[in-house]
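Engineer: Structure provided below as C-alpha cells; questions to follow.
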Amino acid sequence: MPSQSLPEVIEQQRKEIEGLRQQLLQSQKMGSIGELASSMTHEFNNILTTIINYSKLGLRQKDEQARDKAFDRILNASQRAAKITTGLLAYSRSSESRRDPHNLSKLVRDVIILVEKDLKVHRIHLDTQYLAEPYANVNAGQVQQVLLNLIVNARQAMVAGRTLTIKVSESVDDQCAEISIRDQGSGISPEVLPRIFERFYTTKTADDHGQGGTGLGLSLCREVMEAHGGRIRVETAVGHGTQFSLRFPTVAPPDFSLKSASKQESSESPTGSPSVAAASLS
Ligand SMILES: Nc1ncnc2c1ncn2[C@@H]1O[C@H](COP(=O)(O)OP(=O)(O)OP(=O)(O)O)[C@@H](O)[C@H]1O
Ligand SMILES: [Mg+2]
C-alpha cells in the first residue's frame, strides 16, 4: 500500500478530529435533553390527560357551546404538544454547520418551550425580557444547545423559589445583540471560575441516579460562540448568582416579502471578528 504524504496524513487527521467533534456535540446535545426527559414526559402526560378529559366531556355534552369549549381546550393542548415535539425535533436534528439569519428572540422562545416544565418542577420563576428582535447569522440548533446548557446550569445552581432572568437586547450602533441568562444561584468561587470553560471540568458529582456532570457544557458553549464570531462572558458573585452573556454580530432581517416560500433565508456572513471567552468576577 502506498504510504501517505505528510499533507495527506494531516488532512486525514483533521477530518477525523472534525468527525469526533461532531460526535461530541451530538452526545452533549442528547445529554442535555436527557436532563429534561422526565419533566417533558410529565408534561406530555398532563397534555394527554387534558385531551382525554375534554374529549369525554365533549362527547357527553349536547349543548353546542359547551362542545365548542371542549374542542377549544383539546386544540390548545394538542398545539402545545406539537410545539414541544417540533422544538425537540429541531433541536436533536443532527448538527449541520449551515448558518442562516435567525431571530434570536425566537430562538430563546423556542428553547423556553423545552425547559419551562423543568423550571416549574423545580419551582424556579422565569422572567423573560425581549427588548429587541435582533437577527444574527447562526446555526439555530447549536445556539439552542448553548442556551439549553446555560439554562440547565442556572437551574442546577439555584434552590426553589429563585428567579431565572433571560434578556435579549440589541445595540444598533455596535451591530451586535446580546442574550443574557442570569440566575440567583450559588455563584462561582474564584478557585473554580478560571476552569469552568475547560473541557471535562465539572464540580457536579454523581447523584443517586449516577448522573454527574460531563463538564462539556461550557466548553461547547465557548466553541460554538467563537465559531459564530461571537463571545461568551461570565459575571458571578458567590452567594448571589451568575450571569452568562452571549454576544452575536447582527445582520439585517431577511426580507420575507421578496422570498416568501422558504422559512429561513440565507444571507451574507456578518463582519464581526471572533473573540475569546472572558471570565470575570463582578
Ligand atoms: N450558573 C452557574 N452557577 C454556578 N456554577 C456554574 C454555573 N454554570 C456553570 N457552573 C460551574 O461550571 C462547571 C462547568 O460547567 P459545564 O456546564 O461545563 O459542566 P457541567 O454542568 O458540570 O456538566 P454538564 O454540562 O455535562 O452537565 C460546573 O460544574 C459548575 O461548577
Ligand atoms: Mg452544564
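Engineer: Excluding Ile84 itself, what net charge comes from residues whose Cβ is under 9 Å from its Cβ, given Lys and Arg +1 and Asp and Glu -1? Write down the numbers at each step before the final one.
Structural biologist: Values: positive: Arg80, Lys83, Lys117; negative: Glu43.
Local charge sum for Ile84: +2.
Engineer: Using only alpha carbon positions, build the gyration tensor of the stretch 112-229, then give the equivalent ellipsoid semi-axes as the square roots of 5 times its eigenvalues, largest first, whole angstrom.
Structural biologist: Semi-axes, largest first: 25, 19, 14 Å.
Engineer: Cα-based count: Lys pairs in the stretch 6-84 below 29 Å, eight or more positions apart or different chains?
Structural biologist: The number of close lysine pairs in the stretch 6-84 is 5.
Engineer: Explain nothing, just the number: dipole magnitude of the chain about its Cα centre with +1 on each Lys and Arg Cβ and -1 on each Asp and Glu Cβ, in debye rounded to the nearest 20.
Structural biologist: In debye, rounded to 20, the chain gives about 900.
Engineer: So for Lys167, Lys106, fewest C-beta neighbours within 10 Å to most, what's the order?
Structural biologist: Details: Lys167 18, Lys106 14.
With the sparsest Cβ surroundings first, the list reads Lys106, Lys167.
Engineer: Of Ile47, Leu6, Cys176, which is farthest on the positive side of the dipole of the chain, counting Cα position, with +1 on Lys and Arg Cβ, -1 on Asp and Glu Cβ, and the Cα centre as origin?
Structural biologist: Ile47
Engineer: May I have the pair-distance distribution P(r) for the chain, computed from all Cα-Cα distances with 5 Å bins from 0 and rounded to whole percent?
Structural biologist: Values per bin, smallest distances first: 1, 5, 10, 14, 16, 15, 12, 9, 7, 5, 3, 2, 1, 0, 0, 0, 0.
Engineer: Order of Leu20, Leu216, Leu150, Leu164 from fewest to most other C-beta atoms within 10 Å? Walk me through the numbers on the way to the answer.
Structural biologist: On the way: Leu20 10, Leu216 20, Leu150 27, Leu164 24.
Ranking Leu20, Leu216, Leu150, Leu164 by Cβ neighbours within 10 Å, fewest first, gives Leu20, Leu216, Leu164, Leu150.
Engineer: Normalise the Debye intensity by I(0) for the stretch 6-84, one equal point scatterer per Cα, no solvent, then take log10 at q = 0.16, 0.23, 0.28 Å⁻¹ and round to two decimals.
Structural biologist: Log10 I(q)/I(0), no solvent term: -0.72, -0.99, -1.15.
Engineer: Give the separation of the Cα centroids, the stretch 213-243 to the stretch 113-154, in Å.
Structural biologist: 14 Å
Engineer: In a shell of Cβ-Cβ distance under 12 Å around Leu164, excluding Leu164 itself, what net charge do Lys and Arg (+1) and Asp and Glu (-1) give?
Structural biologist: Summing Lys and Arg as +1 and Asp and Glu as -1 gives +2.
Engineer: OK, next. Within a 10 angstrom radius of the beta carbon, how do Asp183, Asp63, Asp118, Asp68 rank from fewest other beta carbons to most?
Structural biologist: Asp63, Asp68, Asp118, Asp183
Engineer: Tally the DSSP beta bridges in the chain and give the antiparallel ones as a percent, rounded to 5.
Structural biologist: The answer is about 75 percent antiparallel.
Engineer: Now, a different point. Net charge near Ser39, counting Lys/Arg +1 and Asp/Glu -1 over other residues with Cβ under 15 Å of its Cβ?
Structural biologist: Residues close to Ser39 contribute a combined charge of +1.
A short reminder: the numbers here are calculations on the coordinates, not readings from a lab. Treat the numbers as computed from the prediction; the structure is a model and nothing was measured. Note that we place each Cβ from the backbone using ideal geometry, even for glycine, and neighbour counts take in every protein chain shown.
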